[in-house]
Amino acid sequence: MSAVNVAVVIIVAVGIGLIWRIVGPAAGKGPQTVKAGYAVLCLMAAVAIAAVGRSSQYDHDLFLAAAKGDADAVASYLKLGASPNVAEGGRTALCAAIESGTENAATMLVRGGANLTAGCEDKTAIRAAIAHGMYEVQNEMKEMGAHM
């Protein structure tokens, strides 16, 4: 789960707690207090939806950057909370980076927590790295616990 998604869960949980504290005791105090509680809940929901939407966009952008082999963009999107395990069309960002032939982009994803057991077509990610001559990526994956 990305940092953004964790933040959204915390925001929603805190929001529900606040609403419960406002609306629960206020139910007998009049409709204005109840309306204020519901307004706060709607605001919290809007913030949560916006944060999740932003995370999804970053995930897509991370995948595109990995497929282009743009290591700087991959690093930036990871810092923004994009998931290193994003997949599109059955390919993970790590496989896309390996297939792009850019060792730095693949290394960024490995260091960013990409799933090392994910398959790249008919090979494991580590075997795909070897097939593309990415021996530094292979070594990085081994250090992170990947098996052939």
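Before moving on, here are some points about what is shown:
- The set of residues in the range 81-99 being part of a helix (DSSP H, G or I) and among the acidic types (Asp, Glu) consists of Glu99 alone.
- Selection count, the range 56-80, where residues are outside any helix (DSSP H, G or I) and more than 17 Å from Thr102 (Cα to Cα): 1
- Annotation note: Cβ proximity below 6 Å between a residue of the range 94-117 that is among the β-branched types (Val, Ile, Thr) and a residue that is buried (at least 18 other Cβ atoms within 10 Å of the Cβ) and part of a helix (DSSP H, G or I) (sequence gap 6+ or interchain) occurs for Ile98/Ala106; Ile98/Ala128; Ile98/Ala129; Thr107/Val137; Thr107/Glu140; Val110/Glu140; Val110/Met141.
- Residues that are of a type outside the set (A, V, I, L, M) and not in a helix (DSSP H, G or I) were ranked within the range 100-120; the one that is surrounded by the most Cβ atoms within 10 Å (Cβ to Cβ) is Thr102.
- Residue match in the range 113-127 (condition: touching a helix residue (DSSP H, G or I) at 6+ places or on another chain (Cβ under 8 Å), of a type in the set (S, T, N, Q), under 20 Å from Asp61 (Cα atoms) and at pLDDT 90 or above): yes
- Verdict on Glu140 being at pLDDT below 95, more than 18 Å from Leu64 (Cβ to Cβ), exposed (fewer than 14 other Cβ atoms within 10 Å of the Cβ) and over 16 Å from the mean Cα position of the chain (by Cα): no
- Take the conditions (1) modelled with pLDDT of 95 or more; (2) within 30 Å of Val12 (Cβ to Cβ); Ser56 misses just one of them, which is (1).
- Residues (under 21 Å from Ala75 (Cα atoms) and in a loop (DSSP other than H, G, I, E, B)) located in the range 121-141: Met134
The values are calculated or read from the model by the stated rules, or taken from the named source; none is laboratory data. Given the structure is predicted, the values throughout are model-derived calculations rather than measurements. No Cβ is skipped: glycine too gets one built from the backbone with ideal geometry, and neighbour counts run over all protein chains shown.
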